[in-house]
Amino acid sequence: MVVRKEEMTKEEYGSLDDYMKNRIEPIFTDVDEPLKEEPKVVEEKVLKSEVETKKDEKGLYSYTDLKDMNKKQQIKILKDFGLNESAMKSLKTEKERIDSILSIQENNSKE
């Protein structure tokens, strides 16, 4: 049953005012009060593509490190070595990508 304020008697209207003061106003005053500062532990979420890749002391990647990387990381390494897009598209499998990274590394280390 919905009752408009205009249709209420003074007693009912007074009880509504008391209700507003006792129930609703404290809610709004609680919002205005400053929050107590609690120390929060912030967990940093790191995307797999943003994870730093591991290199050995000479700056070379090992087969197991490359195997643990996802496709985006492997492609990023190939781009860093200067491989063009068409050559990267021809590398369909993970094994082909890893082999090409290792061969490029080997050629660069000889120079």
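This table checks each residue for (1) touching a helix residue (DSSP H, G or I) at 6+ places or on another chain (Cβ under 7 Å); (2) at pLDDT 80 or above; (3) not hydroxyl-bearing (Ser, Thr, Tyr).
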site: GLU38; (1), (2), (3): no, no, yes
site: GLU43; (1), (2), (3): no, no, yes
site: GLU52; (1), (2), (3): no, no, yes
site: THR64; (1), (2), (3): no, yes, no
site: LYS72; (1), (2), (3): yes, yes, yes
site: ILE75; (1), (2), (3): yes, yes, yes
site: THR93; (1), (2), (3): no, yes, no
site: ILE101; (1), (2), (3): yes, yes, yes
site: SER109; (1), (2), (3): no, no, no
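Out of SER100, SER109, one residue alone is in a helix (DSSP H, G or I), of a type in the set (Ser, Thr, Tyr) and in contact (Cβ under 8 Å) with a residue 24 or more places away in the chain. It is SER109.
The values are calculated or read from the model by the stated rules, or taken from the named source; none is laboratory data. Because the structure is predicted, anything quoted here is derived from the model rather than measured. Here Cβ is always computed from backbone atoms with ideal geometry, including for glycine, and neighbour counts include all displayed protein chains.
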